Amino acid sequence: MDSLGSLNAFVQAAEMRSFTAAGQKLGVSSSAISKAVARLEERLAVRLFHRSTRTVTLTPEGALFLERCRRIFCEIEAAELELSQTRGAPRGKLRVSLPLVGMLMMPTLAAFMRAWPEIELDLDFSDRLVDVIEEGFDAVVRTGEISDSRLMTRTLGTFHYKLVGSPAYFAEHGTPETPVDLSAHRGLRHLYPSTGKVEDWPLHGKDSPASADIPTAAVANAIEPLIDLAEQGLGLACLPDFAIRNQLGGGSLVSVLDDAVRHSGTFRILWPSSRHLSPKLRAFVDFMTENLFKAG
């Protein structure tokens, strides 16, 4: 603590260019500031100030040391703020970017709002690559690998794809027993909004047909219409399991060829590494991690 006191005396003297003014700000005498700086210089074996009868100015070494000291006190301030905030209930606006498929997370997001009514969600749904820092987001939710070293990350959960159709569809068209059988079925296909390309079905195994060989009944650049069309018995769709959990549980959709559809993905939440995990963001991350992929 004596070392921190000496550092603070140095910082105040450097910023005010005066031992007297620094002493007045800290409530001590100018000689106390001078002695603290002298002890610091002796310990570091370097001169930090050029002294005159009226002012003090930093040496090159002092200027370099000042920047380091400022960072130290900023970190201390941030740590104190973080600890003080943990004592209060999470509140305030939380600006989050989610992919378009995140619309299917709305039940979980609504549950979060009920659990934390003092947190105001500002949600931006987009598949474009947003700049978390430059665009002022508190966090983003995305799939895929993360390569931005400016960001901290936490895994929310993993999802798997399911090839599904309605009981009525299978009653009319039969149930495919192997991937080859899909060439006789109707596909409900997802179109990537960012590229305009049709998403391939992740089929694996011997003699699995290419997606292009599967007849297409409809394409859509959002998943919700595909779910609805599949429930109405108009074709088969390959969809992430979290998006159709209720339909699978209720029986309006049935999965087939589970061994042939092996693709999976991971949702992550990212936030700027320069910011501590605030209570409102911590509450959001914890809630989404615990509830987004919860069974049932």
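Scanning for something touching a residue at least 60 places away in the same chain (Cβ under 8 Å), open to solvent by less than 50 Å² (accessible area, probe 1.4 Å) and under 16 Å from A230 (Cβ atoms), does region 189-201 turn up at least one residue? Yes, the conditions are met somewhere in region 189-201. Among the residues of region 225-247, the ones that are open to solvent by 60 Å² or more (accessible area, probe 1.4 Å) and modelled with pLDDT under 90 come to 2 in all. Among the conditions (1) open to solvent by 30 Å² or more (accessible area, probe 1.4 Å); (2) part of a helix (DSSP H, G or I), the only one that L182 does not satisfy is (1). Checked against (1) assigned to a helix (DSSP H, G or I); (2) closer than 30 Å to I227 by Cα; (3) open to solvent by 50 Å² or more (accessible area, probe 1.4 Å); (4) modelled with pLDDT under 90, G102 meets all criteria but (3).
All told, V37 falls short of being in contact (Cβ under 8 Å) with a residue 60 or more places away in the chain, in the same structural domain as I76 (by the TED database) and closer than 23 Å to C74 by Cβ.
Put simply, of V254, V180 the only residue that is farther than 27 Å from L129 by Cα, at pLDDT 90 or above and in contact with a Ser or Thr (Cβ under 8 Å, 6 or more places away or on another chain) is V254. Filtering L44, L4 for residues that are open to solvent by 20 Å² or more (accessible area, probe 1.4 Å) and under 41 Å from the mean Cα position of the chain (by Cα) leaves a single hit, L4. Does A217 satisfy the condition of being under 29 Å from L109 (Cβ atoms), assigned to a strand (DSSP E or B) and at pLDDT 90 or above? The answer is no for A217.
When you scan region 248-296, how many residues do you find that are assigned to a helix (DSSP H, G or I) and open to solvent by 40 Å² or more (accessible area, probe 1.4 Å)?
Residues meeting the conditions: 8.
Within region 43-74, restricting attention to residues that are among the small types (G, A, S) and part of a loop (DSSP other than H, G, I, E, B), the residue that is farthest from G23 (Cα to Cα) is A45.
The values are calculated or read from the model by the stated rules, or taken from the named source; none is laboratory data. The shown structure was predicted, so the numbers you read here are calculated from the model rather than taken from an experiment. Cβ sites come from the backbone with ideal geometry, for glycine too, and all protein chains shown count toward neighbours. Quick note on the areas: whole protein, heavy atoms, side chains included, nothing else; ligands and nucleic acids left out. Shrake-Rupley method; radii C 1.70, N 1.55, O 1.52, S 1.80 Å.
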